[in-house]
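Here the structure comes first, spelled out in structure tokens, and everything after it is commentary.
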Amino acid sequence: MTSKTTFNSGIKLWFQRFLAAVLLGGQVLIHLLKAKIHRRNTLEQMAIVGPDSLAIALITAIFVGMVFTIQVAREFINFGAGQAVGGVLAIALTRELAPVLTAIVIAGRVGSAFAAEIGTMRVTEQIDALYVLKTDPIDYLVLPRVLACCLMLPILTVLFLMTGIIGGLAISQSLYGISQFLFLDSVRNFLQFWDLCSAIIKAVVFGALVAVIGCSWGLTTTGGAKGVGQSTTTAVVTALLAIFITNFFLSWLMFQGMGSSTIGG
């Protein structure tokens, strides 16, 4: 009975914090429309989200591209479609893998940091001090982080895409004898402009989700150091779930009933 009560209270608390995150997202949009932007904080957060996350994103990208090529190239060659390997890799990376995996990396590295940092500020009453100083935490803490994620995640996604294609090219040429000209020609024939647009749109949406959820969980932290740890863990899990669920709906809206020949046409 006790465990059931604990579970129910945990679910209730999660929904309350999720609703708080939704409300925070609306507040961020209102403050953004009012152009209440703290430029110095925004630039600092852009450096954290972008350059500081670049290495891990590119390492992930090159191995994802190589693994995908290993799994696909042999089967395609057996069916006499080796010339399509590059195009299939490019489409998979652009439409799904690059934006989703980049967002996962950012959620694990940056989203958790947002929740921990702001959560620590909450339990040590630094947020209250901002109010005393007549500084809105949304303008000073939340909006710079949301803007940083929305601006830097598309850039990281494009770099992830390019690096993944390079990794796939290296494997296809060295292991399966597919020339780089055939590989790149396949990429050019398969990839459409709309595919790149969809990747950027997804990256912006995922960036906003990661930042808002991380900041919201930090702002609603209670219970001292233990609460900070719980907020950090729950924020990352919630961000990952939000990324996967939102990705389904975005993909459904962008590509439902559309063939490759009509995309972007």
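The values are calculated or read from the model by the stated rules, or taken from the named source; none is laboratory data. Note that this is a predicted model, so its numbers are computed, not measured. Here Cβ is always computed from backbone atoms with ideal geometry, including for glycine, and neighbour counts include all displayed protein chains.
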For residues that are assigned to a helix (DSSP H, G or I) and in contact with a Ser or Thr (Cβ under 7 Å, 6 or more places away or on another chain), scanning just the range 215-232, find the one that is surrounded by the most Cβ atoms within 10 Å (Cβ to Cβ). TRP217
Given the criterion of a type in the set (Gly, Ala, Ser), in a helix (DSSP H, G or I), surrounded by fewer than 18 Cβ atoms within 10 Å (Cβ to Cβ) and modelled with pLDDT under 90, identify the matching residue among ALA20, ALA35, ALA55. ALA20
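To keep it simple, each residue is scored yes or no on (1) farther than 30 Å from PHE190 by Cα; (2) surrounded by fewer than 24 Cβ atoms within 10 Å (Cβ to Cβ).
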position: ILE62; (1), (2): no, yes
position: ILE70; (1), (2): no, yes
position: GLU75; (1), (2): no, yes
position: THR135; (1), (2): yes, yes
position: ARG145; (1), (2): yes, no
position: LEU151; (1), (2): no, yes
In this structure, is LEU184 touching a Leu at 6+ places or on another chain (Cβ under 9 Å), part of a helix (DSSP H, G or I), surrounded by fewer than 18 Cβ atoms within 10 Å (Cβ to Cβ) and not acidic (Asp, Glu)? yes
Can you tell me which of ALA92, ALA116, ALA98 is without any contact (Cβ under 8 Å) to a residue 60 or more places away in the chain, in a helix (DSSP H, G or I) and within 22 Å of the chain's Cα centre (by Cα)? ALA92
Could you say whether any residue in the range 204-214 is crowded, with 18+ Cβ neighbours inside 10 Å, aromatic (Phe, Trp, Tyr) and within 10 Å of the chain's Cα centre (by Cα)? yes
